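The values are calculated or read from the model by the stated rules, or taken from the named source; none is laboratory data. It should be emphasised that the depicted structure is a prediction, and the values quoted were computed from it without experimental measurement. Cβ placement follows ideal geometry from the backbone for every residue including glycine, while neighbour counts extend to all protein chains displayed. Accessible surface is based on the protein model in full, side chains and every heavy atom, while ligands, DNA and RNA are left aside. Shrake-Rupley method; radii C 1.70, N 1.55, O 1.52, S 1.80 Å.
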Amino acid sequence: MSTRIRESRGQEMVLTAAVAIVIVLLSLLPMLRLIKEIVAPGGTLSAVAIKAGLASPATWIATWHTLVVGIGGTLLAVLSGTLVAVLVTLTDIRARSAMVLCYVMPLMIAPQVTALAWLQLFGPASPFLKLFGAAPPLGTRNPLYSTSGIILLLGVQYGPLVFLLVRAGLRKLPRELIEAARAGGAGWFTVLVTIVLPLMTPSIMAAAALAFVSCVGNFGIPAFLGIPANYLVLPTLIYQKLAGGGPAVLGETAFLSVLIGIIAMAGILAQEIMSRRRDYRISSTSLSAEPYELGRWRPAVQAGMWLLIIVVLFLPLFGLVLTSLVPGYGIALTAKTATFDNYRFVLFEHDAASRAFFNSFWLSIAAAFFAVLVAVPIGYLIAWGKQRWVRLLNLSVELPYALPGVVLAIASLLMFLRPIPLTGIQLYNTVWIILYAYLARFLVLALRPTISGYHQIDRALEEAAQVAGAGLFTRMRTIIFPLVAPAAIAGGLLIFMTALSELTVSALLWSSGSETIGVVMFSFEQGGDSNYAAAMSVITVAVTFVLMLVTNLLAPYLPTGVLPWRD
Amino acid sequence: MARLSLDNVTKSFANFDAVKDVSIDVADGEFLAVLGPSGCGKTTLLRLVAGFEKVTSGEIRIGNEVVSGKGGSVAPEKRRVGIVFQNYALWPHMTVAENIGYSLKVAKLDKAVARRKVEDALALVNLQGLGERRPANLSGGQRQRVALARCLVAAPSLVLFDEPLANLDVHLRASMEDEFASFHKRTGTTIVYITHDQAEAMALADRIAVMDDGRLAQLATPRELYHEPANEMVASFISQGILLPADVLSAEQVGHCKIRVLGTELIVRCRPGERPRAGAKICCRSADLDVSPDGPGFDGLVKRVIYQGGSAHIEFTPSTSPDLTLHFEQPDPVVLESGAQARLRIRSGWLIPAAGAAS
């Protein structure tokens, strides 16, 4: 091989190797470590861990509960998300973009914040109900501390997820397919039932699978609503075991986390099998359908939609704000009692809380920054690479995010419980283990927009630079990065918003000194200090709002669909 | 079957008029082609007739019923109109038989009757035995036939074709054209056929409506369109007619008048009642031009000769008006050469009526 050839291939190989190392470290290694713990605890093959897990009645109860709330939440999310998608996409409803923004909003709010907000709305201490004197007497059980409460909130949280996927499908539906049916004499409802919904089954099933995985892996909602009622699902069971037993019970929790992984995978698999049975691929591209004229029903439908948005978004947030202004539990909110003390307390006075703000901010920034840097080369290999194994690459980056967060948390614990070999560096019980888990889990959030950014760029731009004599790294820096930067940075901002109030992973990985906002919020709520928890929630929601507005500035330079709340 | 009338139909979108003041009467059982360049409003016209768009002003009647007008708009599903789409629009989640039988199922027809009708429709388009296939497993021509069968099965009062052959290859086009023609003959259905291909329109239609920029440029039989275009747009659009400036010298007599074009005098065909005027235009075809080295005619420069097999495309500039370039075809043996001087003679032509003259 001549030197010139070696030179030009050298940079590509360095890039590929670097990407491979990152992915092995962040994705494959933790998964393999977790599996090893199950099948070969202590280094030798044995079924002890599996047998012990299967023998425990708590495992079976939690599994049953996980399935109940998972399926219930999925059904509710699919029904509401599909209904809203059909109404918003196919009818001449007004103020569409505002509706989309508001309906998708709960997706951008952390589940435990949603849970807290709803709890504040209905509990006996509810400042909102007290405004009308409608609060139940103190000591009454909050109706949300129940199976149906968990299912309701999971449906509210993930309905928007279904909405986004179904709406994307509906927009690709060629209008001729609808018009041919109408010309054939079918009224609007018949068209919906016989043409639109059957054609949407792939989108709806994919959305259902995604919602199922999210419901099954959700920690915040069953933690806030289920633990007080002693209704445990697998993620909360793992949390309780670890909180009580520490590293000694890691083997046991490893089994439980693999169990969640299997349930989630089963959901995805079921979707794959069902969608393979019937192929509804739509080949032609065309304009999307003319909106159906609701006529005299329009005001009623619009009112219904806004009522739904008020109930799922504005009321809970309003309740949250009210609670954060009340000086103490059960006190009614009046002009006299209203106070900002709770905010002052969590920001400046309470050590763990102020530390948590600091920790969460820099963890989110670090995770976002790193993900943007790594997403550009990985996206390059996936979008423009010619190798076969890139599909595998994509899959392995998706895995830590597709699987429930507890799975990755347990895997990280197992990996870093002992000091890293050769170096002796100890990550366990430090904030770094949380950073590691965030990097692994959220990388895909930056990667997806980056890849769609690559697909929009004409490859000739890079090839022109190549002809001009620029090597791969030079091209990366001067041509490719500037071109995909908006998409990658938007992905980074999504990571920041998600990581800022993240709870699932940090609940299992935190230690004294490395608390995150989510963790402190959770412990306030568990200790009965809802006011402080509410104040922290309001701050994070406000930060998220502001960041959404900032990210909107990037919108003109982004491929469509990168920002979920933009219509 | 029913007749279709459009009265002064206008359709405006946000800031432009897609269809402007169009009036067309389609007789019962007539095959009307709507022809025009892309963006001329022909697809909007079809969507107005089908009821997918609402008229801004004017009125559309199918049979004796006003379906679009001031009083509102009859929903598409109530119009009994059949449509064949350019991209076929077959539902991928249904078999061929289910696709065809859809309108019968919607109308809650007896199952056995429906099945027989679907069989008949399949036979009509020569697709017997393919009822259980999925549309994805059919060829382009077969899909087009399914689409045709689907719109026929409900016995619509009117069938609309939206560029049905645009997605097919050249060979298939010719055979589908034959099928459409024989289908029209057999069923006698009123048809409105949208196309941008004038050969297709000429071959199939009883009459052709040429549209230009939202307006109806001319509505006439294919023969009349070719020989007696009503305006410059139609003259140049149909078979690339050659337009030449001319002065009318004499009034019309038995369909002819005397004109002066490029310095020579000539007798051309014209509408009744033409009077002498300046600044007129005539339209002539390649076949009307002769190369006449010695006889009467006008001189000029042959700018370019592009041989195309069997004939050549000639660009010619008359010496009397150097700004003008004539494009025409000369069949073999091609005698003109690039850069040479030549003398042409116009044998005949058509005087384009003055703008605004009643047709």
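Restricting attention to segment A:45-63, and to residues there that are modelled with pLDDT of 75 or more and of a type in the set (Val, Ile, Thr), which single residue is most open to solvent (accessible area, probe 1.4 Å)?
So, considering only residues that are modelled with pLDDT of 75 or more and of a type in the set (Val, Ile, Thr), the one most open to solvent (accessible area, probe 1.4 Å) is A:Ile61.
Any residue in segment B:178-189 that is of a type outside the set (Gly, Ala, Ser), within 11 Å of chain A (Cβ to nearest Cβ) and either touching a Cys at 6+ places or on another chain (Cβ under 7 Å) or not in a helix (DSSP H, G or I) (or both)?
The answer is no; no qualifying residue exists.
Can you find, within segment B:105-133, the residue that is farthest from A:Val196 (Cα to Cα) among those that are at the interface with another protein chain (Cβ under 9 Å from one of its Cβ atoms) and either free of Cβ contacts under 8 Å to residues at least 24 places away in the same chain or buried (at least 16 other Cβ atoms within 10 Å of the Cβ) (or both)?
Only one residue tops the list, namely B:Lys105.
Could you run through segment A:219-249 and say how many residues are open to solvent by 10 Å² or more (accessible area, probe 1.4 Å) and either in contact with a Pro (Cβ under 9 Å, 6 or more places away or on another chain) or polar (S, T, N, Q) (or both)?
Residues in segment A:219-249 being open to solvent by 10 Å² or more (accessible area, probe 1.4 Å) and either in contact with a Pro (Cβ under 9 Å, 6 or more places away or on another chain) or polar (S, T, N, Q) (or both): 4 in total.
Could you count how many residues in segment A:199-216 are closer than 16 Å to A:Glu398 by Cα and open to solvent by 40 Å² or more (accessible area, probe 1.4 Å)?
Number satisfying all stated conditions: 1.
Picking from B:Ala75, B:Ala147, which residue would you name as being small (Gly, Ala, Ser), open to solvent by 20 Å² or more (accessible area, probe 1.4 Å) and at the interface with chain A (Cβ under 9 Å from one of its Cβ atoms)?
B:Ala75
Looking at (1) within 20 Å of A:Leu494 (Cβ to Cβ); (2) β-branched (Val, Ile, Thr); (3) at pLDDT 85 or above, which is the one condition that is false for A:Ile410?
The single condition A:Ile410 does not satisfy is (1).
So which of A:Leu144, A:Leu173, A:Leu161 is crowded, with 18+ Cβ neighbours inside 10 Å, closer than 30 Å to A:Leu287 by Cα, more than 10 Å from chain B (Cβ to nearest Cβ) and at pLDDT below 90?
A:Leu173
Tell me yes or no: at least one residue of segment A:319-336 is part of a helix (DSSP H, G or I), out of contact with any Cys (no Cβ under 8 Å at 6 or more places or on another chain), at pLDDT 80 or above and surrounded by fewer than 17 Cβ atoms within 10 Å (Cβ to Cβ).
no
Pairs, please: C-beta under 6 Å, at least 6 apart or cross-chain, first residue surrounded by 16 or more Cβ atoms within 10 Å (Cβ to Cβ) and in segment B:2-17, second polar (S, T, N, Q) and modelled with pLDDT of 90 or more?
Listed pairs, sorted by first residue: B:Leu6/B:Ser23; B:Asp7/B:Ser23; B:Thr10/B:Thr56; B:Thr10/B:Ser57; B:Lys11/B:Thr44; B:Lys11/B:Thr56.
Quick check on segment A:184-209: of everything there that is among the small types (Gly, Ala, Ser) and in a helix (DSSP H, G or I), which residue is nearest to the other protein chains (Cβ to nearest Cβ)?
A:Ser203
Would you check if there is a residue in segment B:196-210 being open to solvent by 20 Å² or more (accessible area, probe 1.4 Å), more than 14 Å from chain A (Cβ to nearest Cβ), part of a helix (DSSP H, G or I) and of a type in the set (D, E, K, R)?
No: segment B:196-210 contains no residue that is open to solvent by 20 Å² or more (accessible area, probe 1.4 Å), more than 14 Å from chain A (Cβ to nearest Cβ), part of a helix (DSSP H, G or I) and of a type in the set (D, E, K, R).
Pairs only if they're at least six apart or on different chains, beta carbon under 9 angstrom, first in segment A:49-62 and outside any helix (DSSP H, G or I), second surrounded by 15 or more Cβ atoms within 10 Å (Cβ to Cβ) and modelled with pLDDT of 75 or more; list them, first residue then second.
Taking only residues 6 or more apart or on different chains, the pairs are A:Ser56/A:Glu252.
Mind checking whether some residue in segment A:95-106 is among the hydroxyl-bearing types (Ser, Thr, Tyr), open to solvent by 60 Å² or more (accessible area, probe 1.4 Å) and in contact (Cβ under 8 Å) with a residue 24 or more places away in the chain? Before you say what the answer is, go through the steps one by one.
Filtering segment A:95-106 for residues among the hydroxyl-bearing types (Ser, Thr, Tyr) gives A:97, A:103.
Next, from what is left, pick out any that are open to solvent by 60 Å² or more (accessible area, probe 1.4 Å): A:97.
Still in the list and also in contact (Cβ under 8 Å) with a residue 24 or more places away in the chain: A:97.
Yes, segment A:95-106 contains at least one residue that is among the hydroxyl-bearing types (Ser, Thr, Tyr), open to solvent by 60 Å² or more (accessible area, probe 1.4 Å) and in contact (Cβ under 8 Å) with a residue 24 or more places away in the chain.
For B:Lys54, all conditions in the list (1) open to solvent by 30 Å² or more (accessible area, probe 1.4 Å); (2) in contact with a Gly (Cβ under 9 Å, 6 or more places away or on another chain); (3) within 14 Å of chain A (Cβ to nearest Cβ); (4) farther than 23 Å from A:Pro174 by Cα hold save one; what is the number of the exception?
(4)
May I ask you to say which residue of A:Leu553, A:Leu493, A:Leu547 is more than 20 Å from the chain's Cα centre (by Cα) and surrounded by fewer than 24 Cβ atoms within 10 Å (Cβ to Cβ)?
Values: A:Leu493 fails: more than 20 Å from the chain's Cα centre (by Cα); A:Leu547 fails: more than 20 Å from the chain's Cα centre (by Cα).
On inspection, the qualifying residue turns out to be A:Leu553.
Which members of segment B:80-100 meet the condition of being more than 7 Å from every other protein chain (Cβ to nearest Cβ) and open to solvent by 10 Å² or more (accessible area, probe 1.4 Å)?
B:Arg80, B:Gln86, B:Tyr88, B:Leu90, B:Met94, B:Thr95, B:Ala97, B:Glu98
Confirm whether A:Pro228 is within 14 Å of chain B (Cβ to nearest Cβ) and modelled with pLDDT under 90.
no
For B:Tyr193, only one of the following conditions fails: (1) within 23 Å of B:Gly41 (Cβ to Cβ); (2) modelled with pLDDT under 90; (3) among the hydroxyl-bearing types (Ser, Thr, Tyr). What is its number?
Of everything listed in (1) within 23 Å of B:Gly41 (Cβ to Cβ); (2) modelled with pLDDT under 90; (3) among the hydroxyl-bearing types (Ser, Thr, Tyr), B:Tyr193 misses just condition (2).
Any residue in segment B:244-255 that is touching an Asp or Glu at 6+ places or on another chain (Cβ under 9 Å), among the acidic types (Asp, Glu), farther than 21 Å from B:Ile282 by Cα and surrounded by fewer than 21 Cβ atoms within 10 Å (Cβ to Cβ)?
no
Report yes if some residue within segment B:18-40 is within 14 Å of another protein chain (Cβ to nearest Cβ) and open to solvent by 20 Å² or more (accessible area, probe 1.4 Å); otherwise report no.
The answer is no, given that none of the residues of segment B:18-40 is within 14 Å of another protein chain (Cβ to nearest Cβ) and open to solvent by 20 Å² or more (accessible area, probe 1.4 Å).
Taking A:Phe212, is it in contact with an Asp or Glu (Cβ under 7 Å, 6 or more places away or on another chain), over 29 Å from A:Glu293 (Cβ atoms) and either within 11 Å of chain B (Cβ to nearest Cβ) or part of a helix (DSSP H, G or I) (or both)?
So A:Phe212 does not fit the description; no.
Out of A:Ala117, A:Ala181, I need the residue that is within 14 Å of chain B (Cβ to nearest Cβ) and either of a type in the set (A, V, I, L, M) or assigned to a loop (DSSP other than H, G, I, E, B) (or both). Which one?
Working: A:Ala117 fails: within 14 Å of chain B (Cβ to nearest Cβ).
The conditions single out A:Ala181.
Can you tell me which residues in segment B:287-311 are open to solvent by less than 40 Å² (accessible area, probe 1.4 Å) and closer than 21 Å to B:Asp247 by Cα?
Matches in segment B:287-311: B:Asp288, B:Leu289, B:Gly297, B:Phe298, B:Gly300.
With over 21 Å from A:Val88 (Cα atoms), touching a helix residue (DSSP H, G or I) at 6+ places or on another chain (Cβ under 9 Å) and of a type outside the set (Val, Ile, Thr) as the only criterion, which of A:Leu177, A:Leu225, A:Leu170 stands out?
Answer to the selection: A:Leu225.
Which residue out of A:Glu252, A:Glu290 is touching a residue at least 24 places away in the same chain (Cβ under 8 Å), within 14 Å of chain B (Cβ to nearest Cβ) and either within 27 Å of the chain's Cα centre (by Cα) or open to solvent by 50 Å² or more (accessible area, probe 1.4 Å) (or both)?
Among A:Glu252, A:Glu290, only A:Glu290 is touching a residue at least 24 places away in the same chain (Cβ under 8 Å), within 14 Å of chain B (Cβ to nearest Cβ) and either within 27 Å of the chain's Cα centre (by Cα) or open to solvent by 50 Å² or more (accessible area, probe 1.4 Å) (or both).
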